[in-house]
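Okay, structure first, notes after.
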Amino acid sequence: MNVLLIGSGGREHALAFALARSPLLTKLYAAPGNPGIGKLAELVSVKVTDHAAVISFCKSHDIGFVVVGPEAPLVAGLVDDLAVAGIKAFGPSKFSAQLEGSKGFTKDICAKFGIPTAAYGRFTDEAKALAYLKKHGAPIVIKADGLAAGKGVTVAMNMAEAENAIAEIFAGRFGTGECVIEEFMEGEEASFFALSDGVNVLALATAQDHKRVGDGDTGPNTGGMGAYSPAPCMTPALCAETLEKIVKPTVAALASMGHPYKGVLYAGLILTRDGPKLIEYNARFGDPETQVMMMRLKDDLLTLLMASVDGTLDKMSVRWRDETALTVVMCAKGYPGDVVKGSHINGLAQEFGKDVEVFHAGTALDGEFIVANGGRVLNVTALGKTPRDAQMKAYAAVDKIDWPESFCRRDIGWRAV
Ligand code: AMP
Ligand code: GLY
C-alpha cells in the first residue's frame, strides 16, 4: 500500500522510521517532510492546507492511507475531507480534534463525565474572569483558549501575574477572547498515550518530557527539549487508573456526542495526591515523545494506525522493548527566542551505532549541505538498558555531531536517572 505522511518535524521523521519498516508498505510519501524523512520517503510539495490538492495527490498516486502528524491539519478538518473523498486517514475528525484545539471543550467534557482534572472557570468576559480570580486567589493557572503553541498558559504564583495574564488574553494576544482559569495542581507530570478507534482503546506507552529550555528545568518554556519513555513514575497501577478513569471515559463521551474519537489520545497528566489528573489532551502524537516511543515499538505501526481507522483495535495488542529510549533535542542558538537559520551541520552521515537514531526536526538542504532551518533542529535518540545507559549513548552521539551554532540541555532524563 502507498502511504502519505503529513508533517515535517522530528515526530514525523520518527513516524516515517516506523512506517518504512512496515510489511504492508509499498511506497511512502511525505508532505512536506524534511531531509531526514527524505531518506525514507519521497518528499512531495503538495500544500497541506489545500485539502483538494491533497485529495487529488492521493488519487493520482494510489494512496491507500494517510497519516496526519501535526494538530493544525486535524483541527482544519483534513481527515474529514479525506474521508468524504473515500481516502482513509489516521487522526481525529475536526470535531473530535477540539479535545486539543479548545481547552474549554475538554474541560466541559471532564466536568460532564466526571473525568479527574483541575477545577475551572471559562470566561469570555474580562470582568467575570477577574472576579473568579479574586474569589480563588493564587497560585492559579490562566490559559488562553485555542491553539497557542504552548505559549498561552501562565502558572501564576501571585495575583499580579494572574491579572496580567488575563489582561493579555483579553487584549487578543493569542487570537482568542476566551480564557480558562484553573485550580493549581501539584505533582509530577507524565504523558500517557493510547489509540482509539471510536469505541475500543489500546494503551500505548508513557513518556516524560522537559519543557524548560535550561538545565535543571529552568528558563522559559519550549516545545520540548528532550524526552524519555517509559516514564518510571507511571506504574502499572497508575496506567490502569489513567486508562479507566480518564481515557476510556473521554472516548465514551465523544461517542455519546455522536463524534467517535479515532486517533491517538495524548493525555498530559499531573500525578496528584488524589491520583492522576488530566492537564490537557493532544489529539496527535507527541513531539519529541514519538521519537522515543518509535524506538521502543516492536509491532507494526501501520497495522495499528489502520486498526484505529477501521474500528478493529479490540483485535490488536502492542509490544514495546523494555529498554528506555531517550532523546536530546539539539537547538539552534537563541531558541526559544530568535534563531539564525542556515548554519551548517556536519557529521550526520556517520554511523552512530546500534540503537541510536538522529531524527531531523528543523533541517533543510542547502545544495548538498544539511543546514539548520528552525529552533529545534535534531532529536538525538538512543535506546539503553537503563535510563542512564540511554542518556550516555544519546549524549555520546550528540558529541559526534559537528554543529558549533547549536546547544542542548545536558541533563535530559535526570528524573529517571
Ligand atoms: P498545557 O499547555 O495546558 O499543557 O500547560 C502547560 C504546562 O503548564 C503544563 O505542562 C503544566 O506544567 C502547567 N500546568 C497547566 N495546567 C496546570 C494546572 N492546572 N496546575 C499546575 N500546572 C499546570
Ligand atoms: N512534547 C509536547 C507536545 O508534543 O505537545
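The values are calculated or read from the model by the stated rules, or taken from the named source; none is laboratory data. Worth saying up front: this structure is predicted, and the values here are computed from it rather than measured. Don't worry about glycine lacking a Cβ; one is built from the backbone with ideal geometry, like all the others, and counts go over all protein chains shown.
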Among the residues of region 218-239, count how many are surrounded by fewer than 22 Cβ atoms within 10 Å (Cβ to Cβ), more than 14 Å from ligand 2 (Cβ to nearest atom), over 17 Å from THR272 (Cβ atoms) and not hydroxyl-bearing (Ser, Thr, Tyr). 4
Out of GLY152, GLY104, sole residue that is touching a Lys or Arg at 6+ places or on another chain (Cβ under 7 Å) and near ligand 1 (Cβ under 10 Å from one of its atoms): GLY152
Sole residue being more than 16 Å from ligand 1 (Cβ to nearest atom) and within 21 Å of the chain's Cα centre (by Cα), chosen from GLY64, GLY77: GLY77
Taking the condition of being closer than 11 Å to HIS360 by Cβ and free of Cβ contacts under 8 Å to residues at least 60 places away in the same chain, how many residues in region 12-37 meet it? 3
Out of the helices (runs of 4 or more DSSP H) lying entirely within region 89-201, which hold 1 or more residues that are within 25 Å of the chain's Cα centre (by Cα)? 98-101, 103-113, 159-170
Taking region 354-387 as the search range and keeping residues that are modelled with pLDDT of 95 or more, more than 16 Å from HIS210 (Cα to Cα) and of a type in the set (D, E, K, R), which one is surrounded by the fewest Cβ atoms within 10 Å (Cβ to Cβ)? LYS385
Helices (runs of 4 or more DSSP H) wholly inside region 235-308 containing at least 1 residues that are within 14 Å of ligand 1 (Cβ to nearest atom): 289-296
Scan region 61-71 and tell me whether some residue there is in contact with a strand residue (DSSP E or B) (Cβ under 9 Å, 6 or more places away or on another chain), of a type in the set (Asp, Glu) and outside any helix (DSSP H, G or I). yes
Checked ALA89, ALA76, ALA97, ALA41 against criteria (modelled with pLDDT of 95 or more and surrounded by fewer than 19 Cβ atoms within 10 Å (Cβ to Cβ)); the one match is ALA76
Restricting attention to strands (runs of 3 or more DSSP E) lying wholly within region 347-417, give those where 2 or more residues are touching a His at 6+ places or on another chain (Cβ under 7 Å). 356-360, 369-372
Let me spell it out: the conditions are (1) in contact (Cβ under 8 Å) with a residue 40 or more places away in the chain; (2) basic (Lys, Arg); (3) surrounded by fewer than 19 Cβ atoms within 10 Å (Cβ to Cβ), and LYS143 meets all of them except one. Which number is the exception? (3)
